[in-house]
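Asks: One structure is given below, represented as structure tokens, and several questions about it will come after.
The values are calculated or read from the model by the stated rules, or taken from the named source; none is laboratory data. No experiment lies behind these values; they were computed from the predicted model shown. Positions of Cβ are backbone-derived with ideal geometry, glycine not excepted, and every protein chain shown enters the neighbour counts. Ligands, DNA and RNA are excluded from the accessible area calculation, which covers all protein heavy atoms including side chains. Shrake-Rupley method; radii C 1.70, N 1.55, O 1.52, S 1.80 Å.
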Amino acid sequence: QVQLVESGGGLVQPGGSLRLSCAASGSISWNSMGWYRQAPGKQRELVARISVSGTTTYPDSVKGRFTISRDNAKNTVYLQMNSLEPEDTAVYYCNRPPGYTLFFWGQGTQVTISS
């Protein structure tokens, strides 16, 4: 079973940027992957996904601001987040996208957007 470790979160001001990393303990080369977030009192939502071939999709709430990428040689998935807004405050997780058997969830990484 692949284990996932997210990192890169922090406290930034509105308009700032962060780059999150998700390191997998095993190969993810043949897996679609995604980034999710969960804000307090809200359900976990998918904010980015990347296919095996590198095709990416985003919901309207983050489109144009977030970019997901992958480095299969490093078994790592990234999330570049720009123009951050207070509404982006959440714990961010990576995993397979909906419709796939999920890996065990990692601990996530906290992202807080505040002035």
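Asks: Filtering the range 21-63 down to residues that are aromatic (F, W, Y) and open to solvent by 20 Å² or more (accessible area, probe 1.4 Å), which residue is modelled with the highest pLDDT?
Replies: Y58
Asks: Which members of the range 1-43 meet the condition of being free of Cβ contacts under 8 Å to residues at least 60 places away in the same chain, in a loop (DSSP other than H, G, I, E, B) and among the hydrophobic types (A, V, I, L, M, F, W, C)?
Replies: Scanning the range 1-43 gives I28, W30, A39.
Asks: Moving to a separate point now. With respect to S83, determine if the residue is open to solvent by 40 Å² or more (accessible area, probe 1.4 Å) and of a type in the set (S, T, N, Q).
Replies: For S83, the condition - open to solvent by 40 Å² or more (accessible area, probe 1.4 Å) and of a type in the set (S, T, N, Q) - is met.
Asks: So E6 ticks every box in (1) more than 18 Å from P97 (Cβ to Cβ); (2) of a type in the set (D, E, K, R); (3) touching a Cys at 6+ places or on another chain (Cβ under 7 Å) but one. Which box is left unticked?
Replies: Of (1) more than 18 Å from P97 (Cβ to Cβ); (2) of a type in the set (D, E, K, R); (3) touching a Cys at 6+ places or on another chain (Cβ under 7 Å), only one is false for E6: (1).
Asks: So, D88, is that one more than 23 Å from T112 (Cα to Cα), within 15 Å of the chain's Cα centre (by Cα), modelled with pLDDT of 95 or more and charged (D, E, K, R) or not?
Replies: no
Asks: What about Y93, is it touching a Ser or Thr at 6+ places or on another chain (Cβ under 6 Å), aromatic (F, W, Y) and either within 20 Å of G8 (Cα to Cα) or open to solvent by 20 Å² or more (accessible area, probe 1.4 Å) (or both)?
Replies: Spelling it out, it is not the case that Y93 is touching a Ser or Thr at 6+ places or on another chain (Cβ under 6 Å), aromatic (F, W, Y) and either within 20 Å of G8 (Cα to Cα) or open to solvent by 20 Å² or more (accessible area, probe 1.4 Å) (or both).
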